[in-house]
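Below you'll find the structure, written out as structure tokens, and then a few comments.
The values are calculated or read from the model by the stated rules, or taken from the named source; none is laboratory data. This one's a predicted model, so the numbers in the text were calculated from it and none came from an experiment. Glycine gets a Cβ as well: all are built from the backbone with ideal geometry, and neighbour counts include every protein chain shown. When the accessible area is computed, the model is the full protein with side chains, heavy atoms only, and any ligands, DNA or RNA have been set aside. Shrake-Rupley method; radii C 1.70, N 1.55, O 1.52, S 1.80 Å.
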Amino acid sequence: MSRSSCTRVYILGACDYADYEFVKIDQNNSTWSMINLRRQLEFRYYSRDRNCAGNYHLLAKSPVVEPLNYNEPTQVHLAFGDRNDQMFVSYVTNSNQLLPQCQYGLDSTSLDFQMSGTTVTYQASDMCEGKANVTSPQAFINPGFMHTILLEDLRPLTIYYYRVGNNEHGWSPIYHFTNRPATIDDEVNLIAYGDMGVSPIQSGAKATIDRVAARIQTNNITAVLHIGDVSYARGIGALWDAFMAQIELTTSYVAYMVGIGNHEYDHITGGDKDPSGAPGEGGFRPVWGNYGYDSGGECAVPMVHRFHSPSNGNGLFWYSFDIGPVHIVYYSTEHDFRRSSPQYNWLENDLRSVNRTRTPWLIVGSHRPMYTSLVVIDLVGLMLQLYIEPLLYTYQVDLNLYAHIHSYERTCSMYQHQCVENGVTQVLIGMGGHDLTYGNYSGAAWSVYHDIEFGYTHIKANRTHLTFNYYHTEDDRLVDQFQLKKS
Ligand SMILES: [Fe+2]
């Protein structure tokens with residue numbers, strides 16, 4: 001036996017867990033919050049060799065335990081709707097028998113307004129292929145019922161207190177959010193990153209989201225931008241519960257706006273289940289791409305049932321929204337982005353129609369990188385430079401954010417491998433908590449700063465200035481900063 005063991009809730013195999021914790025051999029006791037998985041659970045204590053992935057054996061197990069309330073409102077999260085005065089409020093319980101409700105108001109002691117919402121769920125058979133379809137042994141677990149209420153007629157920059165649930169099942173704690181600003185004269189604070197996953201298997205995830213949650217409580221943050229590779233559940237249903245619980249201290253206070261990554265979407269078969277409506281069995285699979293089955297067969301089904309977005313594009317796959325002086329556009333690198341594709345046409349139309357007098361700042365987010373000076377073979381990046389970069393340059397995008405490679409890198413204002421005035425600043429922000437991508441850098445002249453650490457970014461924008469800050473998770477230290485200006 002090695003120097004340490006792990007305690008875990010066993011579902012399927014060595015790494016197919018709901019939650020676990022590494023326990024030091026000299027540790028007398030250990031406590032952590034149990035995720036309400038709406039079922040009975042057993043805690044097991046295992047020896048291990050390395051990373052819970054190889055030879056291990058059962059040392060002890062707990063009595064069966066169960067949640068006090070199977071219908072406790074859990075996984076509370078917010079997202080922007082189509083209009084500035086709208087906010088989606090979502091949560092999960094074990095029941096679809098009662099109307100989901102949100103009580104809200106301008107004071108925590110008087111939640112005078114009430115709205116009802118809708119309920120959805122999904123089955124293993126709703127997903128495309130692979131592990132996601134497996135019900136025995138249980139890769140798939142019943143995901144519960146996802147409830148969503150759309151609040152409307154919200155005032156900008158106003159604090160709303162709210163809770164979700166109902167009198168029979170119980171209510172969540174009272175949370176609050178500040179509705180997004182609506183004019184060019186308002187300042188906006190955003191957090192952005194990609195590639196997070198669930199702690200502890202992704203060692204930086206919990207530490208990063210804890211930093212983000214703390215910043216949200218003290219820095220007037222309006223929204224979090226998570227540009228793909230969200231939970232890394234990859235077909236293990238309980239990991240979605242674990243991830244949503246992990247981010248709840250953030251998502252119950254600010255809108256959590258997600259984009260699509262390969263680990264949410266990529267699949268090879270089962271295309272008739274694909275909620276994006278992409279043609280073919282496996283969606284976008286050009287000969288130069290390296291699109292595999294990275295979602296474990298989920299093909300974004302768990303994602304689209306949990307998260308929400310404006311409806312001006314194609315669901316979570318591509319959409320855009322305004323926050324004060326900023327227009328933000330998400331597109332999918334997992335879908336056809338070549339000229340004449342539906343997504344390309346939508347993206348060009350959206351970029352063309354931005355009113356820069358109202359929203360002078362234009363930020364684009366997607367998952368796979370357009371540029372990195374890490375030495376990697378990446379034909380997708382070259383194709384993004386061929387098809388998408390001219391669009392971004394033509395329509396004077398200020399910031400292009402992407403992830404997928406798990407590190408940070410920032411370029412000069414650039415176009416087609418050259419630093420230019422009035423170009424696009426490209427920022428790789430894939431350091432959100434999954435493992436890190438190590439490698440050698442090419443020394444490209446357009447690369448201004450890079451490092452390989454866990455971290456997150458904070459974007460502050462007003463009418464004339466956009467300040468971009470990159471913090472390390474470990475010590476919350478500011479390690480890169482730049483500012484863009486408008487006249
Ligand atoms: Fe990725």
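Points to keep in mind about this one:
- Residues within the range 318-368 that are within 16 Å of the ligand (Cβ to nearest atom) and not in a strand (DSSP E or B), tallied: 9
- Condition check for ALA79: small (Gly, Ala, Ser), crowded, with 21+ Cβ neighbours inside 10 Å and either outside the structural domain of GLU264 (by TED's automatic domain parsing) or not in a loop (DSSP other than H, G, I, E, B) (or both): yes
- Residue match in the range 212-220 (condition: away from the ligand (no atom under 16 Å from the Cβ) and open to solvent by less than 10 Å² (accessible area, probe 1.4 Å)): yes
For (1) more than 16 Å from the ligand (Cβ to nearest atom); (2) surrounded by 22 or more Cβ atoms within 10 Å (Cβ to Cβ), each residue gets a yes or a no:
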{"position": "MET414", "(1), (2)": "yes, yes"}
{"position": "GLN418", "(1), (2)": "yes, no"}
{"position": "GLY430", "(1), (2)": "no, yes"}
{"position": "HIS434", "(1), (2)": "no, yes"}
{"position": "THR437", "(1), (2)": "no, no"}
{"position": "TYR449", "(1), (2)": "yes, no"}
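- Those residues of the range 360-378 which are surrounded by fewer than 21 Cβ atoms within 10 Å (Cβ to Cβ) and within 21 Å of GLY259 (Cα to Cα), in sequence order: ASP378
- Within the range 144-161, if we keep just the residues that are β-branched (Val, Ile, Thr) and either assigned by TED's automatic domain parsing to the domain that holds LEU239 or open to solvent by 10 Å² or more (accessible area, probe 1.4 Å) (or both), the residue that is nearest to the chain's Cα centre (by Cα) turns out to be THR148.
- Residue count for the range 331-359, restricted to those that are buried (at least 21 other Cβ atoms within 10 Å of the Cβ) and in contact with a Leu (Cβ under 6 Å, 6 or more places away or on another chain): 1.
- Hits in the range 222-263 - residues which are within 23 Å of ILE159 (Cα to Cα), open to solvent by 10 Å² or more (accessible area, probe 1.4 Å), outside any helix (DSSP H, G or I) and in contact with a helix residue (DSSP H, G or I) (Cβ under 8 Å, 6 or more places away or on another chain): TYR253
- Residues of the range 384-395 that are away from the ligand (no atom under 16 Å from the Cβ) and open to solvent by less than 10 Å² (accessible area, probe 1.4 Å): ILE388, GLU389, LEU391, LEU392.
- Residues that are of a type outside the set (D, E, K, R), assigned to a strand (DSSP E or B) and either buried (at least 17 other Cβ atoms within 10 Å of the Cβ) or in contact with a Gly (Cβ under 6 Å, 6 or more places away or on another chain) (or both) within the range 451-468 comprise GLY455, TYR456, THR457, HIS458, ILE459, ALA461, LEU466, PHE468, listed in sequence order.
- Residue that is surrounded by the fewest Cβ atoms within 10 Å (Cβ to Cβ) [pool: residues in the range 396-412 that are within 16 Å of the ligand (Cβ to nearest atom) and among the hydrophobic types (A, V, I, L, M, F, W, C)]: ILE405
- Restricting the range 183-205 to residues that are assigned to a loop (DSSP other than H, G, I, E, B) and at pLDDT 95 or above leaves a set whose member that is farthest from the ligand (Cβ to nearest atom) is ASP185.
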